[in-house]
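Contents: one structure, followed by commentary.
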Amino acid sequence: MKTKVIRMNPEHIDRNAMEEAGMILKKGGLVAFPTETVYGLGGNALDEEAAGKIYQAKGRPSDNPLIIHIADISDLKRIVKEVPEKAEKLAEAYWPGPLTMIFSKSEEVPYGTTGGMETVAVRMPDHPVALALIRAGGGYVAAPSANTSGRPSPTRSSHVEEDLDGKIDMILDGGEVGIGLESTIVDFTEDIPTILRPGYINQKMLEKIIGPVRMDKGLISADSKIRPKAPGMKYRHYAPKAELLVVEGKPQAVQKKIRELTREKLEAGCRVGIIATDESTFAYPEGIVKSIGTREQEETIARHLFGVLREFDDSGVDCIFSEAFDTPQMGQAIMNRLLKAAGQRKIKV
Ligand code: TXA
Ligand code: MG
C-alpha cells in the first residue's frame, strides 16, 4: 500500500484534502492525524473491520481497547449507556482536551473496537485537524497512538512515517504536537472516578471540578502484582532499544552519579546516552548528551520525551542514563512514561 502524506495547516484546513481523508475513513481505511497529545491512527470506530486493520497496522495485541474520538458532545450518547453527572462536568471543563473518559458502552460500539470489553473510552481532542477529520469521517474515529506497538508514541508526522509507512492509507501532517504525552484516562465505571493513565490533566485539576478522584492501584505500585486496569498500561511500552536507567535525587548528586555510571560503561566499551535538560547538559563531559527541554518550562520536557527516546534508538547507544523529572504539573505523567521505558529501573542518590 502506498501511504499518502498530506501537509495540513491547522489554521487553514484544506477542505478538498480533508474530504479525501474523511472518505478513506468512511470506506474503512486508516488515516493518521495530529492531536494535541500525540499522533493518532484513525479508523471508523463503528466498523469492526476498520478496527481490525488498526490492530494489524500497529501490531497491537487485540485485547487492548481503542479510544473513540468524537468532535461534538452531542455525539457521546450514541456510544455509551449513560453519562454520569461528574463525567458531564469534566467534559464541560476539559473537552475538547487531553482527557479520555471510560463509560459502559452502547450496543452500537463493536467489541472489535473495545478489545472485547463492555466499556468504551471516549475523548474529544483539542486540535483543528483532528476535529475536522472526525467530522469528515462520520463522527466516530477509533484512534490509538500512531506508533508500532512497543515504540514511543509519535509526536511528529515523521515518527508516524517511520513506523507505519506502507501500512496505512494516509498521514495528515500537522507539525509537532503541543503536549507530547497521551491523554489522562479517567474511569467512570468504578464507584469513585479512577485515573487509569496520568496525563496533562492531573489529579488536582480533576478534583477541582468533581471532588475525590483515585489513582488506579496498578499504577501506583508499578512493580506489584496488581494489574493496571487499562490493558495498555500493563505492556512495557515505549521501550527504547538501549537499556535505560533513571537516576533520581538532588541535581548535583544526580549529575555526579550519571558521570560515574557513564565512565564505567564507557570503560566497558559501551556507547552511552544521557538525557539531561538545558540546565544540566554542561555537567556531562562524556557520552552522547541530549537536552530534553528546560526545567523552567515543564511542558518542553513532556513534549520532547518520546522524540528523544526515538533519537537514541537511531543513534545506536547501548545504554541511556536519564535524570528524573518530578515537575509540578505533569511530573507524574512524565515519570510514568519514562519509568515504563526504563522497565521501572530507577536508582535514588
Ligand atoms: O492522547 C491519547 O489518548 C492518544 C491520542 C491519539 O488521542 N491515544 C492513545 O491511545 O493514547 P492508545 O490506544 O495508545 O492508548 C489507549 C489506552 C490504552 O492503555 C488502553 O488499554 C486504554 O487506553 N483503554 C482504552 N479503552 C479502555 C477501556 N474500555 N477500559 C480500560 N482501558 C481502556
Ligand atoms: Mg499507545
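What follows draws every value from the coordinates through simple rules; no lab data is involved. This one's a predicted model, so the numbers in the text were calculated from it and none came from an experiment. We place every Cβ from the backbone using ideal geometry, glycine too, and count neighbours over all the protein chains shown.
Of Met8, Met335, Met205, how do they rank once you tally other Cβ atoms within 10 Å and put the fewest first? Don't skip to the answer; put the middle values down first.
Details: Met8 23, Met335 19, Met205 16.
By the 10 Å Cβ count, ascending: Met205, Met335, Met8.
Name the residues whose placed amide hydrogens come within less than 5 Å of the amide hydrogen of Asp173, ignoring near sequence neighbours (fewer than 5 apart) on the same chain.
Residues meeting the amide H criterion: Ile6, Arg7, Met8.
So in the chain, what percent of DSSP beta bridges are antiparallel if you round to the nearest 5? Display every interim value, and only then the final one.
Values: 19 of 50 bridges.
Roughly 40 percent of the beta bridges in the chain run antiparallel, per DSSP.
Once amide H atoms are placed 1.01 Å from N in the peptide plane, what residues at a sequence separation of 5 or more from Gly150, or on another chain, have their amide H within under 5 Å of its amide H?
Placed amide hydrogens put Tyr238 under 5 Å from Gly150.
Using only Cα atoms and rounding to the nearest 10 degrees, what angle (0 to 90) does helix 331-341 make with the longest principal axis of the chain?
80
When the Debye formula is applied to the Cα atoms of the stretch 143-275, each taken as the same point scatterer, what base-10 log of I(q)/I(0) results at q = 0.11, 0.18 Å⁻¹?
For the stretch 143-275 at q = 0.11, 0.18 Å⁻¹, log10 I(q)/I(0) is -0.62, -1.17.
For the stretch 57-152, go through all pairs of different Cα atoms, get the mean of 1/r, take its inverse, and jot down that Kirkwood value in Å. Could the numbers behind the result be given before it?
Details: mean 1/r = 0.0723 Å⁻¹.
Evaluated on the stretch 57-152, it is 13.8 Å.
Taking only C-alpha pairs under 8 Å that are 6+ residues apart, what is the relative contact order of the stretch 6-138 in percent?
Numbers: 223 pairs, mean separation 45.5, N = 133.
Relative CO of the stretch 6-138 lands at 34 percent.
Grab the other residues whose beta carbon is less than 9 angstrom from that of Gly307, score K and R as +1, D and E as -1, and report the net.
Values: positive: Arg156, Arg303, Arg310; negative: Glu176, Glu311.
Residues close to Gly307 contribute a combined charge of +1.
What does a probe at Met205 reach in the stretch 282-315, counting residues whose amide N is under 15 Å from the point 7 Å along Cα→Cβ?
298-303
Counting pairwise Cα distances across the chain, what percent come out greater than 29 angstrom? Numbers along the way, then the final one.
Details: 23478 of 60726 pairs.
Above the 29 Å cut-off, the chain has 39 percent of its Cα pairs.
Report the label-to-label distance for Glu267 and Arg15 in nanometres (one decimal), using points 7 Å from each Cα along the Cα→Cβ vector.
Between Glu267 and Arg15, the label points sit 6.9 nm apart.
With a ≥ b ≥ c taken as the square roots of the eigenvalues of the C-alpha gyration tensor of the stretch 5-130, please select rounded if a/c is under 1.5 and otherwise prolate if a/b is larger than b/c or oblate if it is not? Please report the intermediate quantities before stating the final value.
Working: a/c = 1.87, a/b = 1.16, b/c = 1.61.
Since a/c reaches 1.5 but b/c is at least a/b, the shape of the stretch 5-130 is classed as oblate.
Calculate the dipole size of the stretch 243-348 relative to its Cα centre from +1 charges on Lys and Arg beta carbons and -1 charges on Asp and Glu beta carbons; express the result in debye to the nearest 20. Mind dumping the intermediate values first?
On the way: 16 positive and 17 negative charges, 62 e Å.
Result for the stretch 243-348 is approximately 300 debye, rounded to the nearest 20.
Normalising by the residue count of the chain, find the relative contact order in percent from Cα pairs under 8 Å and 6+ residues apart.
Once normalised by length, the contact order is 19 percent.
Residues with amide H under 5 Å of Met124's amide H, sequence separation 5 or more or different chain, H placed in the peptide plane at 1.01 Å from N; which?
The list, which skips near neighbours in sequence, is Ile70, Gly97, Leu99.
Could you put His69, His304, His12 in order, starting from the residue whose Cβ has the fewest other Cβ atoms within 10 Å? Could the numbers behind the result be given before it?
Values: His69 27, His304 20, His12 8.
Arranged by neighbour count, lowest to highest, His69, His304, His12 become His12, His304, His69.
When the chain is fully extended, how far beyond the present Cα-Cα distance does Asp165 get from Lys241, taking 0.36 nm per residue of separation? Present the calculation step by step, with values, prior to reporting the outcome.
Numbers: separation 76, 0.36 × 76 = 27.36 nm, distance 2.04 nm.
Taking Asp165 through Lys241 to full extension adds about 25.3 nm, to one decimal.
Going out from 0 in 10 Å bins, what whole percent of all Cα-Cα distances in the stretch 147-209 drops into each bin?
18, 37, 25, 18, 2
Please report, in debye to the nearest 20, how large the charge dipole of the chain is about its Cα centre when each Lys and Arg carries +1 at its beta carbon and each Asp and Glu carries -1 there. Show your work: numbers first, answer last.
On the way: 47 positive and 50 negative charges, 177 e Å.
Using only the charged Cβ atoms, the result is roughly 840 debye.
Fewest to most neighbouring Cβ within 10 Å: what's the order for Lys204, Lys241, Lys105, Lys53? Write out the running numbers ahead of the final one.
Working: Lys204 10, Lys241 15, Lys105 23, Lys53 19.
Fewest-to-most Cβ neighbours within 10 Å comes out as Lys204, Lys241, Lys53, Lys105.
Among Val272, Ala121, Val308, whose Cα lies farthest out toward the positive end of the dipole of the chain, if unit charges sit on the beta carbon of Lys, Arg (+1) and Asp, Glu (-1)?
My answer, from the dipole projection, is Val272.
Report the label-to-label distance for Asp75 and Ser106 in nanometres (one decimal), using points 7 Å from each Cα along the Cα→Cβ vector.
For the pair Asp75/Ser106, the computed spacing is 1.3 nm.
For the stretch 243-348, what value does the Rg/Rh ratio take when both radii are computed over Cα atoms and Rh is the Kirkwood radius, given to two decimals? Please list the in-between numbers first.
Values: Rg = 12.5 Å, Rh = 13.6 Å.
Rounded to two decimals, Rg over Rh is 0.92.
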